[in-house]
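K.L.:
Dumping the structure here so I can ask a few things about it.
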Amino acid sequence: MLSRTFKAFQYPNFRLLWAGACTSSIGTWMQEVAQNWLVLEITGSPFLLGVDAFLGDIPIFLFSLAGGVLADRMDRRILLIGSQLVQMVSAITLALLIATHHIQIWHILLSSFVVGTAQAFGGPAYSALVPSLVEKEDLPNAIALNSIQFNLARVIGPVLGGLALKYAGGAWCFGLNALSFVAVIISLLKLNINFSPARTTDSILTGVKQGISFIRKQGAMETLIGIAFCMTLLAIPMITFLPVFAKDVFHQNEMTYTLFLVCSGLGSITGALTVATLGNVSNKGRIALSMLIALGLGIFGFSRSTELALSCILLFCSGAVLMCAFAMIASLVQLITPNDMRGRVMSVYNVAFRGGMPFGSILTGRLVPIFTAPAVLSINGLLLASLGAYFLLVQRKVAKL
């Protein structure tokens, strides 16, 4: 059973990239803890917390399509290395500003936009690179293991970040994040892959149109991408606004925020391990939609909870079903897509999946001061559960996959 769960690790290239990406993700989550708490401390504004998340994610909505075309036209490793270097320089800059007490809110907001832009070009390249490292039948397992490394970082990173923030200061969180990018850059330089981009004189706009045209011909693909957008639009604000729950609802400090992140991350690891163990299971569509309903109910329950222990349990459960839904949907998209179109198709998927985040963050950030965080997230949860039920019982294109 254990060997089946970690089957994709038999491929040396995948193992190498996984280790580097895990190290980088831990650093990113360390910075995430410090940055979110710093924004709230400097401004005291949930709205600006939402604006910061919006600026970090909106470049992915704006530029990922172009990034996907480039991922199909050049060495994907080079594109990824460039993305990592930009994020490293940004983290170093913020660390120095914090250490010298010159940090201002506009520095953080600008950095979020720069980092989001780098991720807009690196994300499609990474998504397109992973399937070239494993055999097709092991692709769902590889996607689940990638989810595990990201969510393992969501557990380790916030713990380290919370401790560093409390006992050493925010500059250490940003500085250690900058250092973590070295690991993934070394991993990328050591990869041995055979992908050769096709030569073409078509413009980037033509490449984008080709990717969209392919998606429109694939039946349920459009619905899958729409679900991905709605899932992040309605679910991710729960994670973005955890500092608000820790500070304003439970009247606790940054360690409670860290506890919330750890519970959510542990749940996500559990969900990803479950998907990895199942492997290339049938009925992915029905499973994904069922998990979507459970996620909506979990968010609703968390938003109404006033007990810390119950909130932690609901965060754990929500993290698990979120990861199951994400892994199943991502697997379906990857399995439908041929390698020569993968960069373009995954860029559209990334636009949808990551594009829901900025709009969810900015909208939630605007509504929270008016209606309170529990009220807004309650509605998000009910809408998400209703969406899953509609596609499971009424419009059944995805449910039949």
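The values are calculated or read from the model by the stated rules, or taken from the named source; none is laboratory data. In this text, all values refer to a predicted model and were calculated from it rather than measured experimentally. So basically every Cβ, Gly included, is an ideal-geometry build from the backbone, and we count neighbours across all protein chains shown. Just so you know, the surface numbers come from the protein's heavy atoms only, side chains and all, with ligands and any DNA or RNA stripped out. Shrake-Rupley method; radii C 1.70, N 1.55, O 1.52, S 1.80 Å.
K.L.:
Just to be sure, is Phe260 under 29 Å from Arg396 (Cα atoms) and aromatic (Phe, Trp, Tyr)?
P.N.:
Working: under 29 Å from Arg396 (Cα atoms): no; aromatic (Phe, Trp, Tyr): yes.
Here the answer is no, as Phe260 does not meet what is asked.
K.L.:
Here is a further query. Yes or no: the range 66-74 includes at least one residue that is on the phi < 0 side of the Ramachandran plot and more than 23 Å from the chain's Cα centre (by Cα).
P.N.:
Our first condition is that a residue be on the phi < 0 side of the Ramachandran plot; within the range 66-74, this holds for 66-74.
If we keep only those that are more than 23 Å from the chain's Cα centre (by Cα) as well, we get 73-74.
Yes, that holds for at least one residue.
K.L.:
Test Ile143 against the criterion of being in contact (Cβ under 8 Å) with a residue 12 or more places away in the chain, surrounded by 22 or more Cβ atoms within 10 Å (Cβ to Cβ) and under 30 Å from Thr274 (Cα atoms), and give yes or no. Don't jump to the end; show me each part of the working.
P.N.:
Values: in contact (Cβ under 8 Å) with a residue 12 or more places away in the chain: yes; surrounded by 22 or more Cβ atoms within 10 Å (Cβ to Cβ): yes; under 30 Å from Thr274 (Cα atoms): yes.
Against the criterion (in contact (Cβ under 8 Å) with a residue 12 or more places away in the chain, surrounded by 22 or more Cβ atoms within 10 Å (Cβ to Cβ) and under 30 Å from Thr274 (Cα atoms)), Ile143 qualifies.
K.L.:
For the range 246-301, how many residues are farther than 17 Å from Val159 by Cα and either within 18 Å of the chain's Cα centre (by Cα) or part of a helix (DSSP H, G or I) (or both)?
P.N.:
Initially, the range 246-301 is screened for residues farther than 17 Å from Val159 by Cα, giving 247-251, 270-301.
Retained after the next criterion (residues that are either within 18 Å of the chain's Cα centre (by Cα) or part of a helix (DSSP H, G or I) (or both)): 247-249, 270-278, 284-301.
Count: 30.
K.L.:
Which of the residues spanning the range 322-336 are of a type outside the set (Phe, Trp, Tyr) and either surrounded by 24 or more Cβ atoms within 10 Å (Cβ to Cβ) or at positive phi (or both)? Lay out the reasoning, then the answer.
P.N.:
Residues of the range 322-336 that are of a type outside the set (Phe, Trp, Tyr), as a first pass: 322-325, 327-336.
Hits for the range 322-336 are Leu322, Met323, Cys324, Ala325, Ala327, Met328, Ile329, Ala330, Val333.
K.L.:
Within the range 146-180, work out how many residues are within 11 Å of Ile26 (Cβ to Cβ) and either surrounded by fewer than 23 Cβ atoms within 10 Å (Cβ to Cβ) or among the aromatic types (Phe, Trp, Tyr) (or both).
P.N.:
Of the residues in that region, 9 qualify.
Yes/no matrix, rows are residues, columns are (1) over 17 Å from the mean Cα position of the chain (by Cα); (2) farther than 30 Å from Lys190 by Cβ:
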{"position": "Gln10", "(1), (2)": "yes, no"}
{"position": "Phe14", "(1), (2)": "yes, no"}
{"position": "Ala19", "(1), (2)": "yes, no"}
{"position": "Glu32", "(1), (2)": "no, no"}
{"position": "Ile42", "(1), (2)": "yes, yes"}
{"position": "Phe47", "(1), (2)": "yes, yes"}
{"position": "Asp52", "(1), (2)": "no, yes"}
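K.L.:
Can you tell which of Phe14, Phe9 is within 23 Å of Asp138 (Cα to Cα) and touching a Lys or Arg at 6+ places or on another chain (Cβ under 6 Å)?
P.N.:
Working: Phe14 fails: touching a Lys or Arg at 6+ places or on another chain (Cβ under 6 Å).
After ruling out the rest, the residue left standing is Phe9.
K.L.:
With the condition being open to solvent by 10 Å² or more (accessible area, probe 1.4 Å) and without any contact (Cβ under 8 Å) to a residue 24 or more places away in the chain, I'd like the helices (runs of 4 or more DSSP H) fully within the range 1-108 carrying at least 1 qualifying residues.
P.N.:
On the way: elements: 2-5, 12-43, 46-71, 76-99.
So the answer is 2-5, 12-43, 76-99.
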